[in-house]
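Working notes, structure below.
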Amino acid sequence: MNTLLVLPVIVPIGAAAFIWLFNSRPRIQHALVLLTVAATLAVACLILRQTAAGDVHSTQIGHWPAPYGITFIVDGFSTLMLLISTLIGGMAALFSIGDTADRRHAGYFPLFFILLGGVNGAFLTGDLFNLYVWFEVLLMASFVLMALGGQRTQIEGAVKYVMLNLAGSTLLLAGIGIIYGLTGTLNMADLAAKLAGVSNAGRVNAAAMLLLAAFCIKSAIFPFFFWLPASYHTPPPAVAALFAGLLTKVGIYALVRMFTLVFVADTAATFKLLRILAGLTMVSGVLGALIQKDMRRLFAFLIVSEIGFVLMGIGFRTERALTGTIFFLMHMAVVKSTLFLMTGVIEHWKGTVRLDRLGSLFEDHPAFGYLFLGPVFALAGLPPLSGFWGKYVLVQAGLIEKYYLLVGVALAVSLTTLWVVARIWMEAFWRPACAPKRRADAPLGLLRIGPIVVLAAVTFLLGLWAEPFHAQALQAAGQLLHPSAYMQAVLGGP
Amino acid sequence: MIFAGVILSGFFLAFLVAPLFKVLGKAAPWVISLFPFSQLLFFLMLWTNRPHATGELVACTQWVPGAGVDLCFLIDGLSMVFMVLISGIGGCVFLYSKDYLHDDPHLDRFYSYLLVFMSAMLGLVAADNVISLYVFWELTSISSFLLIGFHPDTPEARRAALQALLVTNLGGLAMLAGLVILAEAGDSYYFSELIQRGDVIRAHPHYSAALLLLLTGAFTKSAQMPFHMWLPNAMVAPTPVSAYLHSAAMVKGGIYLVARISPIFGGTALWFGALTIVGGITFVIAAVLGLAQRDVKRMLAYSTISVLGMLMAVLGIGNEKAVQGAMVYLFAHALYKSTLFMTGGAIDHAAGTRDLTRLGGLGRMLPLVAGAGILAAFSKSGVPPTVGLIGKELIYEAGLHAHSAQKVIVAGALFGNMFLAAVAWAAGIRPFVGRLQSPEAPHALKPMMWFAPLVLGVLGVALGWAPEIVEKTFLHAAANTVSGHPVPMDLALWHGFNTAVLLSILTLAGGGLLFWVRHRWRRFAEARPWVGPDILYDRLLSVLKGIARLSTRLLQSGYLRQYMILVWAVSAGMVSWMLFDAAPLSWPAFAPVLPHLHEWVIGSVMMAAAVFAIATTQRLVSILALGVIGFGVTLFFVLYSAPDLAITQFLVETFSVILFVLVLYRLPELKDRSPVATRVRDALVALAVGAVMTLLVLGSPSVQYYPKISEYFAQVAVSAAHGHNIVNVILVDFRVMDTLGEITVLAVAAIGVYSLWRREDA
């Protein structure tokens, strides 16, 4: 048994228990947080070392052979997601130590790491029902984190969030039940093997729609994204950054996994549906962002729009398109987390994140301004920033496959996004301040600046030194489209 | 590698500007200005020492090979012309900025932006890889955005910056699509290879699409109508930026692109039509509008648009003379336009206004600036002996050599050039001559403000005397590149008296006449504000915002109940699409097994309870009714011999009913305030979702394809897992990871309750 594969789940959840014990001893608690962050990052790097060359590793929990027990498995795609999630989780945790507002509540750090463990579990599991369980873990943890502040808006957002996501869980469970009824198995690789022999895929696809609807809710795809803009602006910045970086990605991850591994027969209709949803998602997201005044709400809508881009690549279903999708996922996770953390800093300085009340940030904090420029223009896919590579590869894949309409829509959305982000820059950074209202200038501290700088550096790196990331994404996309290594790692045999 | 280093080092230097200013203080601008001049020197040395007199050089550096993007640079005559202009004029602009912005606290920032801008421009014109061209293209957009909004305090400046960014990005994205289509059609992502495959591409079914997309990019960047509005507005930027933007950088990007793809796409009817029509219209209208301006920078901006239109049209004609004319005039324009902007800025600095109606006679105070302005105006209007004249005559000859009906171009060119000549004198000469007119007492200027324009102005005349210097070094090579084959070239001021000379004389005469009546034309135009693309741009943005508001209000209404309806309805819709439409099912003939009487009874009770749960207004009753449904399910589990599940379900139901009763007891009665229509809608959605789920479930167990894995559990539970209760073994052994997750969920719930409870206490 390859114990390493369960550590990304066990370490944060186990650590959460210890951290809970030291609720009244903040110093020890913070030391434990730092230790956990370092440990999870180290584990993720060790896993990368195993899979970077293109290997797929699996482990059967309790030595029960697949498909009877639960399989944990890493391939290129899950490794990349794991790396991104631990990086973002770690940086957000550090930021929370620096930001006193975030960690007032007793359960904050335990919940934080349980959420991270749940996310990692979803990336690692090779079992459909186990995936559902991790979804529940992260749903519950994120709900409580969101409601922890107890303010009216927070509770309101959290209620919408949890209700809609529970609807998603219901759909997911129903879908899993029906698929189990059809195939008698829950192991994804086994499902793939068994469904490959089924002639009438229509019924399977109908059941797959239940799963798709559930994943659409989790990843905020049109028309299921309501919960995201309703809730993301309410929690403290570190929590929002964690959500922005991780939650929707888990849904998309599951969607990619199921629709490249399992539901691959009779794909004409299902993938057409994915492309339609992709177009509508990116358009409705960017239109929503266009009229927002609250910077966090604006970024929340832009998450929706970017999810549309990711989904588009899945809908194209070629190696190149999936490469674009994976690269885009990495980009948007890091960039969005960076920006949500940055809104925390802006709020610290100016007491607000509303565009109509902000101003002269560039004059007051030029270095921060330059740091902000990178991620924010990366959102619009301007080269040579991180957003460009994903966008370019997706556009190229779409044009090669002759999906002209959708590519046209994507480019129009990209232009509108540029308008949105340029507006942020102009109103918050360039425009002279409307009212010189400034909070007492408490120093930010290394623990808040550090994570932002690290994440911003990663976004610059993704853009300027894209090759290694692109190569990993390409390899992962190849594994997704030709899952023989994956199947073999789970089921054995040739 | 070295070449890439020379081009890219500008980006790195941009980050070093601020430290340089800290260390060197006032000397920093001198040092930084050395950079473009040394680049110029490098390019010239590289070019003159090239191994093949006619061939091009390619220098490659890897970047993202996996995505097929690298930093390959193609150095041929065409890119040399542009690189020389960009670095040479860039150097002069750097020097000029030093004194123009001498008291600006953010001069270091200005130089950083300018360095990025210049380096991006250099990369653009040297890029061999089509995608790297796009990368540099957008880098010029970003840096020009920052430069135009360099003094962002006014709404106008911010608006102009945004407008430039959006308009050029619109074209940039179109161009990206066009480049990919071109590359896929020609099976190469390198211009150096695509140039060889013009025939294949011209015959390709995607030819028109690729060309039109690429031209959209070129037209937005080069401010062709109707995308031109961003350029006059961009003059809110500091004058050195305008001088650079209008002459060598940014707007010349579009011209470069058209020239670069000319051997690939040129020679077809679409090529000719698109370029001559758009370019020609832009040329004439912008020249006419230019003369109606009173702000010297605005006037020059329109004349830039006009000249760019002329260059586009000439490249569209594409014959030998046209290509030569385009290259020579491009060179001439860059020299005189940067000069005129610099003199305009000097006037603004010295006299405190750019309003041409309030300026005159400044030549006595600013003789050297006046000299530069007058020389540039000569070149612009085509007075001998300037390089502008040589270019203009070549362009006339290109029109005269065109096919019969296309000769109409000559008339258009003559008309437009008359206006341009009048503009040249109004902007470059009039402020310096005549009676002294100036709102502020003109003061002396710092040296670089006259030196930089004077160098460029003198060059424009000197090269008119001796055009062979630039012809031999790179203009001829450039014309060959654009034509796609070697063309003869012999530049000289005087080729004997011919039609072109006659046309030049006519141009000057007409220009003089227009100069005479220009104030009347200005007043006429000022009295008639017209709806131009600038206003349409604003309307388009506000329409888009309106749509955004509407769609967001519809989708993101804020009501949870509406979200829920959409979620369920769309999910059911997706399932039924696959069930009925997309993949028509052959329903398995499932023999309906009629339920027994007791099953009927339990089923009816459950259904009645469901209706009751909805209809009642008392929460408690509603919960109890739900409980009845739960117990009904439990009974079914018992009937179908799943006692373990039944026990679990029984416990859960009992527990949740008790819990609900405890919690809900204190809450007020439910009041259903929704109107009947809403309730009917909700009922319909609910029934539809139920029906779809029922269909799905009914079909599924009857087509079970494989035996269940649970049979394995039954086999090995005792032998391998040593447990007699299979459910227990599954929970704690076979699927222990699920249990870990579920325990965690419970822990999270407990933490949540505890934390919120503690909060209440505090």
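Taking the condition of being in contact with a helix residue (DSSP H, G or I) (Cβ under 7 Å, 6 or more places away or on another chain) and either in contact (Cβ under 8 Å) with a residue 60 or more places away in the chain or surrounded by fewer than 16 Cβ atoms within 10 Å (Cβ to Cβ) (or both), how many residues in the stretch B:16-43 meet it? So the count comes out to 13.
Among the residues making up the stretch A:175-191, a single one is more than 7 Å from every other protein chain (Cβ to nearest Cβ), of a type in the set (G, A, S) and more than 24 Å from the chain's Cα centre (by Cα): A:G177.
Look at the stretch B:720-741: where a residue is away from chain A (no Cβ under 12 Å) and more than 14 Å from A:Q60 (Cβ to Cβ) and a partner is crowded, with 17+ Cβ neighbours inside 10 Å and of a type outside the set (S, T, Y), sitting 6+ places away or on another chain with Cβ atoms under 6 Å, you get B:G723/B:A717; B:G723/B:V729; B:I726/B:F713; B:I726/B:A717. If you go through the stretch B:214-225 one residue at a time, do you hit one that is of a type in the set (S, T, Y), in contact with a Phe, Trp or Tyr (Cβ under 7 Å, 6 or more places away or on another chain) and within 14 Å of another protein chain (Cβ to nearest Cβ)? The answer is yes, given that some residue of the stretch B:214-225 is of a type in the set (S, T, Y), in contact with a Phe, Trp or Tyr (Cβ under 7 Å, 6 or more places away or on another chain) and within 14 Å of another protein chain (Cβ to nearest Cβ).
For the residues A:V250, A:V204, A:V198, the requirement of being modelled with pLDDT of 90 or more and over 21 Å from B:M564 (Cα atoms) singles out A:V250. Kindly evaluate B:A500 against the criterion of being away from every other protein chain (no Cβ under 14 Å) and either in a helix (DSSP H, G or I) or surrounded by fewer than 17 Cβ atoms within 10 Å (Cβ to Cβ) (or both). Criteria met by B:A500.
Any residue that is under 22 Å from B:H724 (Cβ atoms), out of contact with any Leu (no Cβ under 8 Å at 6 or more places or on another chain) and part of a helix (DSSP H, G or I) - is there at least one of those in the stretch B:610-621? No, there is no match, as no residue in the stretch B:610-621 is under 22 Å from B:H724 (Cβ atoms), out of contact with any Leu (no Cβ under 8 Å at 6 or more places or on another chain) and part of a helix (DSSP H, G or I). The test for being β-branched (V, I, T) and more than 9 Å from every other protein chain (Cβ to nearest Cβ) holds for B:V200. Return a yes/no flag: does the stretch B:587-603 have any residue that is exposed (fewer than 14 other Cβ atoms within 10 Å of the Cβ), at pLDDT below 90 and within 8 Å of chain A (Cβ to nearest Cβ). No.
If you go through the stretch B:644-673, how many residues are loosely packed, with under 11 Cβ neighbours inside 10 Å and either assigned to a helix (DSSP H, G or I) or not charged (D, E, K, R) (or both)? Total meeting the criteria: 5. B:H333: surrounded by fewer than 24 Cβ atoms within 10 Å (Cβ to Cβ), assigned by TED's automatic domain parsing to the domain that holds B:T276 and closer than 22 Å to B:H495 by Cβ, yes or no? In short, no.
Could you say whether any residue in the stretch A:24-35 is within 11 Å of another protein chain (Cβ to nearest Cβ) and either free of Cβ contacts under 8 Å to residues at least 40 places away in the same chain or within 27 Å of B:Y754 (Cα to Cα) (or both)? Within the stretch A:24-35 (the criterion being within 11 Å of another protein chain (Cβ to nearest Cβ) and either free of Cβ contacts under 8 Å to residues at least 40 places away in the same chain or within 27 Å of B:Y754 (Cα to Cα) (or both)), the answer is no, since none of the residues qualifies. Among the residues making up the stretch B:65-78, those that are more than 14 Å from B:A4 (Cα to Cα) and either acidic (D, E) or in a helix (DSSP H, G or I) (or both) are B:P65, B:G66, B:A67, B:D76, B:G77, B:L78. Restricted to the stretch A:376-494, the set of helices (runs of 4 or more DSSP H) holding at least 1 residues that are touching a strand residue (DSSP E or B) at 6+ places or on another chain (Cβ under 8 Å), in contact (Cβ under 8 Å) with a residue 60 or more places away in the chain and more than 14 Å from every other protein chain (Cβ to nearest Cβ) comprises A:484-491.
Per-residue answers, yes or no, for (1) among the aliphatic types (A, V, I, L, M); (2) surrounded by 24 or more Cβ atoms within 10 Å (Cβ to Cβ); (3) touching a strand residue (DSSP E or B) at 6+ places or on another chain (Cβ under 9 Å):
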| position | (1), (2), (3) |
| --- | --- |
| B:V296 | yes, yes, yes |
| B:M299 | yes, yes, no |
| B:A326 | yes, yes, no |
| B:K337 | no, yes, no |
| B:H349 | no, no, no |
| B:L356 | yes, no, yes |
| B:V369 | yes, yes, no |
| B:A376 | yes, yes, no |
| B:S381 | no, yes, no |
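Being facing chain B (nearest Cβ under 8 Å) and either assigned to a loop (DSSP other than H, G, I, E, B) or under 19 Å from the mean Cα position of the chain (by Cα) (or both) is the filter; apply it to the stretch A:139-167 and report the residue that is surrounded by the most Cβ atoms within 10 Å (Cβ to Cβ). Result: A:A141.
Filtering the stretch A:39-70 to residues that are more than 25 Å from A:S484 (Cα to Cα) and either touching a residue at least 24 places away in the same chain (Cβ under 8 Å) or surrounded by 14 or more Cβ atoms within 10 Å (Cβ to Cβ) (or both) leaves A:A39, A:T40, A:L41, A:V43.
Counting only helices (runs of 4 or more DSSP H) that sit completely within the stretch B:144-239, those holding 2 or more residues that are surrounded by fewer than 24 Cβ atoms within 10 Å (Cβ to Cβ), in contact (Cβ under 8 Å) with a residue 24 or more places away in the chain and not aromatic (F, W, Y) correspond to B:155-186, B:198-202, B:207-221.
Please tell me if A:V159 is hydrophobic (A, V, I, L, M, F, W, C), touching a helix residue (DSSP H, G or I) at 6+ places or on another chain (Cβ under 8 Å) and free of Cβ contacts under 8 Å to residues at least 24 places away in the same chain. So A:V159 passes the test.
Conditions (1) out of contact with any Gly (no Cβ under 7 Å at 6 or more places or on another chain); (2) modelled with pLDDT under 85; (3) under 21 Å from B:M118 (Cβ atoms); (4) within 14 Å of chain A (Cβ to nearest Cβ), marked per residue:
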{"site": "B:P19", "(1), (2), (3), (4)": "yes, no, yes, yes"}
{"site": "B:A27", "(1), (2), (3), (4)": "yes, no, yes, no"}
{"site": "B:L34", "(1), (2), (3), (4)": "yes, no, yes, no"}
{"site": "B:L41", "(1), (2), (3), (4)": "yes, no, yes, no"}
{"site": "B:R50", "(1), (2), (3), (4)": "yes, yes, no, no"}
{"site": "B:G66", "(1), (2), (3), (4)": "yes, yes, no, yes"}
{"site": "B:D70", "(1), (2), (3), (4)": "yes, no, no, yes"}
{"site": "B:S79", "(1), (2), (3), (4)": "yes, no, yes, no"}
{"site": "B:G91", "(1), (2), (3), (4)": "yes, no, yes, no"}
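Just one of the listed residues (A:F95, A:F112, A:F72) is modelled with pLDDT of 90 or more, within 14 Å of chain B (Cβ to nearest Cβ) and closer than 25 Å to A:H348 by Cβ, and it is A:F112. Would you call B:A525 modelled with pLDDT under 85 and in a helix (DSSP H, G or I)? Judged against the criteria, B:A525 is a match.
Among all positions in the stretch A:44-60, there is no residue which is assigned to a helix (DSSP H, G or I) and within 13 Å of another protein chain (Cβ to nearest Cβ). When the stretch A:209-234 is filtered for residues that are modelled with pLDDT of 90 or more and more than 7 Å from chain B (Cβ to nearest Cβ), the ones remaining, listed by number, are A:L211, A:A214, A:F215, A:C216, A:K218, A:S219, A:A220, A:I221. Applying the set (1) under 20 Å from the mean Cα position of the chain (by Cα); (2) outside any helix (DSSP H, G or I); (3) at pLDDT below 90 to B:G267 leaves exactly one unmet item: (1).
The values are calculated or read from the model by the stated rules, or taken from the named source; none is laboratory data. What you are looking at is a predicted structure, and each value in this text was computed from that prediction instead of being measured. So basically every Cβ, Gly included, is an ideal-geometry build from the backbone, and we count neighbours across all protein chains shown.
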